[in-house]
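The values are calculated or read from the model by the stated rules, or taken from the named source; none is laboratory data. All values reported here derive from a predicted model rather than from experimental measurement. Methodologically, a virtual Cβ is constructed for each residue, glycine included, from the backbone with ideal geometry; neighbour enumeration extends over all protein chains shown. The accessibility values were calculated without ligands, DNA or RNA, using every heavy atom of the protein model including side chains. Shrake-Rupley method; radii C 1.70, N 1.55, O 1.52, S 1.80 Å.
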Amino acid sequence: MRRRDFITLLGGAAAAWPLAARAQQGERVRRIGVLMSLSKDDPEDEQRRAVLQQSLQQLGWSEGRNLHIEYRWFAGEPVRAQAMAKELVALKPDLIITASTPGLLAVGRETHTVPIVFVAVSDPVGQGFVGSLARPGGNATGFSYFEFPVVGKVLETLKQITPDVTRVALLYNPDTLSFLPFLRALDTAAPSLGAQLIKAPVRDAGEIEAALAATAREGGGGLLVLPDPFTAVYRDLIVASAARHRLPAAYTLRYFATAGGLMSYGVDVGDLYRRAAPYVDRILKGANPADLPVQQPTKFEFVLNLKAAKALGLDVPATLVARADEVIE
């Protein structure tokens, strides 16, 4: 975002709620803040917002009639997440929706009273965001991102496609904290799959390129990109660099495979946004977040990119092709 646009956004934020509240006389306008983990112009972000607003509308909440939504984006940057969370809380919303671990961490630091519905947060109990899945106990509830045995399945599938891979670099941003539960799950799964895990923390584009180049210099190298807003923002760079270095790479989000990555297996994030709408509806009607159980993902998707496999000289087993939800040729 350009500096001028950012200053304009800050200047106009304080006036946004009163203008919205006057939009429809006679009906109370409820106010929601939404902290998104990607960028405003990211097509994936646009799709998630559309799913959320459509799902809310189906429950009777319409923008400009009885609902006003203020969006903010932190584009995978934890420092920016904190600034955007502070801004949203200052607007005194009725509820805040936030995405990912760094998003929830940022909002949670700013308020213990505004109801929070989170989406795609890894291990909310283990990270101390809620007391338990059944009884969150605070002002936050929502939808967790992963059942951790699934990430072991991603590694297993990569090995089935590329049996010669013995060293797998794990790409993640150490500043976002999203990676910790996944590392524990992968440390458990890797020995039985004959894979040596190489931790590859990265914080910018230069470090991404250096990590992939280092992995490619030794034989038997592969790549597993951990789910994280940072890696999602840099997905085009990661996919292109993996292809350039001829690294078989596995991802946990569909849009990595559709961008040219070899394969992805993971949660349908759009489905989490769809399922979040009823929680927003219930809280706006008086429900207490502490009493609404945190829900696990229920919809997963496996995508194979045979075009990418061909470019790497890989012959994907027919059994895997048959199991895929989507095959890109």
Yes or no: residue 104 within 18 Å of the chain's Cα centre (by Cα), modelled with pLDDT of 95 or more and either surrounded by fewer than 19 Cβ atoms within 10 Å (Cβ to Cβ) or not aromatic (Phe, Trp, Tyr) (or both)? yes
Selection from region 228-256 of residues that are outside any helix (DSSP H, G or I) and aliphatic (A, V, I, L, M): 247, 249, 250, 253
Taking region 146-172, which residues are within 30 Å of residue 95 (Cα to Cα) and either open to solvent by 10 Å² or more (accessible area, probe 1.4 Å) or among the β-branched types (Val, Ile, Thr) (or both)? 147, 148
Looking at this structure, is residue 178 open to solvent by 20 Å² or more (accessible area, probe 1.4 Å) and among the polar types (S, T, N, Q)? no
Breaking point among (1) outside any helix (DSSP H, G or I); (2) farther than 29 Å from residue 35 by Cα; (3) out of contact with any Pro (no Cβ under 8 Å at 6 or more places or on another chain), for residue 264: (2)
May I ask you to list the residues in region 50-81 that are open to solvent by 40 Å² or more (accessible area, probe 1.4 Å), touching a helix residue (DSSP H, G or I) at 6+ places or on another chain (Cβ under 8 Å) and under 23 Å from residue 124 (Cα atoms)? 77, 78
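In this structure, does residue 221 turn out to be out of contact with any Ser or Thr (no Cβ under 9 Å at 6 or more places or on another chain), surrounded by 21 or more Cβ atoms within 10 Å (Cβ to Cβ) and in contact (Cβ under 8 Å) with a residue 24 or more places away in the chain?
Values: out of contact with any Ser or Thr (no Cβ under 9 Å at 6 or more places or on another chain): no; surrounded by 21 or more Cβ atoms within 10 Å (Cβ to Cβ): yes; in contact (Cβ under 8 Å) with a residue 24 or more places away in the chain: yes.
Spelling it out, it is not the case that residue 221 is out of contact with any Ser or Thr (no Cβ under 9 Å at 6 or more places or on another chain), surrounded by 21 or more Cβ atoms within 10 Å (Cβ to Cβ) and in contact (Cβ under 8 Å) with a residue 24 or more places away in the chain.
Output the residues belonging to region 76-97 that are assigned to a helix (DSSP H, G or I) and closer than 26 Å to residue 226 by Cβ. Walk me through how you get there before you give the answer.
Kept after step one, since they are assigned to a helix (DSSP H, G or I), are these residues of region 76-97: 78-90.
78, 79, 80, 81, 82, 83, 84, 85, listed by residue number.
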Where a residue in region 60-72 is assigned to a strand (DSSP E or B) and its partner, wherever it lies, is open to solvent by 30 Å² or more (accessible area, probe 1.4 Å) and among the acidic types (Asp, Glu), with Cβ under 9 Å and at least six apart: 69/63
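Against the condition within 19 Å of residue 122 (Cβ to Cβ), open to solvent by less than 20 Å² (accessible area, probe 1.4 Å) and of a type in the set (Val, Ile, Thr), how does residue 269 come out, does it pass? Before you say what the answer is, go through the steps one by one.
Working: within 19 Å of residue 122 (Cβ to Cβ): yes; open to solvent by less than 20 Å² (accessible area, probe 1.4 Å): yes; of a type in the set (Val, Ile, Thr): yes.
Criteria met by residue 269.
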For region 187-216, enumerate the residues that are open to solvent by 20 Å² or more (accessible area, probe 1.4 Å), touching a Phe, Trp or Tyr at 6+ places or on another chain (Cβ under 7 Å) and closer than 16 Å to residue 236 by Cα. 205
Within region 170-186, is even one residue at pLDDT 95 or above and of a type in the set (A, V, I, L, M, F, W, C)? yes
Residue under question is residue 275, and the condition is that it be open to solvent by 10 Å² or more (accessible area, probe 1.4 Å) and more than 22 Å from residue 74 (Cα to Cα); does it hold? yes
Tell me which residues, restricted to region 310-325, are open to solvent by 60 Å² or more (accessible area, probe 1.4 Å) and on the phi < 0 side of the Ramachandran plot. 310, 311, 315, 318, 319, 322, 323, 325
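Given the criteria open to solvent by 50 Å² or more (accessible area, probe 1.4 Å), over 18 Å from residue 161 (Cβ atoms) and either β-branched (Val, Ile, Thr) or in contact (Cβ under 8 Å) with a residue 24 or more places away in the chain (or both), does residue 235 qualify? Explain how you work it out, then say what you get.
Working: open to solvent by 50 Å² or more (accessible area, probe 1.4 Å): no; over 18 Å from residue 161 (Cβ atoms): yes; either β-branched (Val, Ile, Thr) or in contact (Cβ under 8 Å) with a residue 24 or more places away in the chain (or both): yes.
Here the answer is no, as residue 235 does not meet what is asked.
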